[in-house]
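Enquirer: Take a look at the following structure, please.
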Amino acid sequence: MSEIRAGKIEGDHPAGQTTVPTAHRGGGLDGASVRARFPLLQPDGAGARIIYLDSAATAQRPDVVLEAVAKFYRTENANVHRGIYDLSRRATERYEGARAALARFIKAPDKEELVWTRGTTEAINLVAATWGQENLGPGDEILLTTLEHHSNIVPWQLLARRVAARIRYVDIDEEGRLRLEQYDELLSERTRIVALGHVSNALGTINPVAEVIERARQVGARVLVDGAQAAPHLPIDVQSLGCDFYAISGHKMCGPMGIGALWARRELLEEMPPYQGGGEMIETVLPDESTWAPVPHKFEAGTPNVAGAVGMAAAAAFLESLGRDQVRAHELDLVEYGMDRLDRVEGLRLFGPRDPADRIAVFSFSMEGIHPHDVATILDAENIAVRAGHHCTQPLMRRLAVPATTRASCYVYNTREDLDRLVEGLDRARQIFS
Ligand code: PLP
């Protein structure tokens, strides 16, 4: 397992600069050096700092992302496309350049296969409402898993109701891993789409998506991968995965809120009807009918979130500069360390896979005799931010037979020391409730 070693980040980082000095030596990151790049995580005047363990809900933003967004508004702000003047041309270049950067980030073959959305939720709704509406009918099946976030359930329920399709769920085993033998049983020619998370936000499980996709192909089903929790933590290659749709959110990967992307194969995008109507997405508008702009613009009605796109590209560059493999190595170290420490807390039940290779550094747990909200409140009093609740995965909570869990989720700026502080806080919660 990689060891966290001292790294050093030097120099300043001019606004908009997307290449940041790397913080890794050998196989991991120095979380404390990485943290130095995140203004919100710095100690206050009294020397206290927040121990931020809620990155699965939203990550913090490094200086380069904040600067890229500010620089856009300070020096490049104009509406994009069709502008005759230089400023608009520059804004368009930045916007389309960001699209190309995100396409590279997930190894998409063509930047025009990347549609900007508000986030993963909107990306999945877009697919369900367009591709789904065109391609599903009565009796067709949508295959989901018990691990899904509500964003990858409710859009399919809305579709299923409209077209009289049926939703089926692949269950999990006791460690929160997909039951692939049951998946095989559920897959049939009636399965039109399999939609699953690459990584579970609630348990941290990394799903064997390549295998799931391969098996779906054999029955001719399309596959949508919800990559909201995977893109921040793992190197992503949509081509080698072989999926049809891949959805990501900027704010989970150190980028701004309100921006995300849908990647889809060009031939699918070409066939799909528009999602929303308005400016930007048309070619010609006549009183009674219109024609559509080429993909991806056909799906981008209205003034886009240009600063968001620029910020998300800066976030992608930041993660690349750290090294995607180093990010994973750092988190694996936190997974191993965290599991070892949490296993020794009295009365704590840790959910999710036992093999560190099958999970990211998300620790979901319950504590005997203490409600998750009380755990989170006690930790909050010590400036440790964790989440307690159903994590937008109510079917999963039902499956685990718990009303809620406490979830501590780590990212590039967390350290073993943060996990020590978490465990100390949990020990104190135990004392209070004993
Ligand atoms: N899917 C997963 C696995 C998530 O964790 C989240 C957010 O928590 C979403 C989808 C929804 O993402 P967004 O709120 O950015 O649209």
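The values are calculated or read from the model by the stated rules, or taken from the named source; none is laboratory data. Since we're looking at a predicted model, the values are computed, not measured. We place every Cβ from the backbone using ideal geometry, glycine too, and count neighbours over all the protein chains shown. We work out accessible area using only protein heavy atoms, side chains counted, and drop any ligands, DNA or RNA first. Shrake-Rupley method; radii C 1.70, N 1.55, O 1.52, S 1.80 Å.
Enquirer: Going by the conditions given, is Met272 surrounded by 14 or more Cβ atoms within 10 Å (Cβ to Cβ), under 22 Å from His149 (Cα atoms) and hydrophobic (A, V, I, L, M, F, W, C)?
Expert: No: the conditions fail for Met272.
Enquirer: Still on this structure, I have one more. For region 239-312, which strands (runs of 3 or more DSSP E) that fit wholly inside it have 2 or more residues that are within 16 Å of the ligand (Cβ to nearest atom) and closer than 23 Å to Leu196 by Cα?
Expert: Output list reads 245-249, 260-264.
Enquirer: Residue by residue through region 356-370, note down the ones that are touching a residue at least 24 places away in the same chain (Cβ under 8 Å) and over 19 Å from the mean Cα position of the chain (by Cα).
Expert: Within region 356-370, Pro356, Phe365, Ser366, Met367, Gly369, Ile370 meet the criteria.
Enquirer: Continuing with the same structure: Filtering region 186-211 down to residues that are of a type in the set (Ser, Thr, Tyr) and buried (at least 24 other Cβ atoms within 10 Å of the Cβ), which residue is farthest from the ligand (Cβ to nearest atom)?
Expert: The selected residue is Thr205.
Enquirer: Restricting to region 283-310, what's the tally of residues that are free of Cβ contacts under 8 Å to residues at least 60 places away in the same chain, surrounded by 17 or more Cβ atoms within 10 Å (Cβ to Cβ) and among the hydrophobic types (A, V, I, L, M, F, W, C)?
Expert: 2
Enquirer: Tell me whether region 125-133 contains one or more residues that are away from the ligand (no atom under 15 Å from the Cβ), assigned by TED's automatic domain parsing to the domain that holds Leu186, within 27 Å of Gly204 (Cα to Cα) and of a type in the set (A, V, I, L, M, F, W, C).
Expert: Checked against the condition, which is being away from the ligand (no atom under 15 Å from the Cβ), assigned by TED's automatic domain parsing to the domain that holds Leu186, within 27 Å of Gly204 (Cα to Cα) and of a type in the set (A, V, I, L, M, F, W, C), region 125-133 yields no hits at all.
Enquirer: Of everything in region 391-410, what is under 19 Å from the mean Cα position of the chain (by Cα) and either farther than 18 Å from Ile153 by Cβ or without any contact (Cβ under 8 Å) to a residue 40 or more places away in the chain (or both)? Give them in sequence order.
Expert: Arg407, Ala408, Ser409, Cys410
Enquirer: Right, here's the next one. Please report, ordered by residue number, the helices (runs of 4 or more DSSP H) entirely within region 334-434 with at least 2 residues that are small (Gly, Ala, Ser).
Expert: 416-433
Enquirer: Checking the structure you have, find out if any residue of region 332-354 is open to solvent by 10 Å² or more (accessible area, probe 1.4 Å) and within 17 Å of the chain's Cα centre (by Cα).
Expert: no
Enquirer: In region 49-67, is there at least one residue being part of a strand (DSSP E or B), more than 16 Å from the ligand (Cβ to nearest atom), more than 18 Å from the chain's Cα centre (by Cα) and not assigned by TED's automatic domain parsing to the domain that holds Val423?
Expert: Checked against the condition, which is being part of a strand (DSSP E or B), more than 16 Å from the ligand (Cβ to nearest atom), more than 18 Å from the chain's Cα centre (by Cα) and not assigned by TED's automatic domain parsing to the domain that holds Val423, region 49-67 yields at least one hit.
Enquirer: Testing Leu159 on (1) within 16 Å of the ligand (Cβ to nearest atom); (2) open to solvent by less than 20 Å² (accessible area, probe 1.4 Å); (3) out of contact with any Phe, Trp or Tyr (no Cβ under 8 Å at 6 or more places or on another chain), one condition comes back false. Which one is that?
Expert: Among (1) within 16 Å of the ligand (Cβ to nearest atom); (2) open to solvent by less than 20 Å² (accessible area, probe 1.4 Å); (3) out of contact with any Phe, Trp or Tyr (no Cβ under 8 Å at 6 or more places or on another chain), the lone unmet condition for Leu159 is (1).
Enquirer: Kindly list, by first and then second residue, each pair from a residue in region 263-278 that is farther than 23 Å from Phe105 by Cβ and at pLDDT 95 or above to a residue that is of a type in the set (Lys, Arg) and surrounded by fewer than 22 Cβ atoms within 10 Å (Cβ to Cβ), limited to pairs with Cβ atoms under 7 Å and residues at least 6 apart or on different chains.
Expert: If the second residue must be of a type in the set (Lys, Arg) and surrounded by fewer than 22 Cβ atoms within 10 Å (Cβ to Cβ), no pairs are left.
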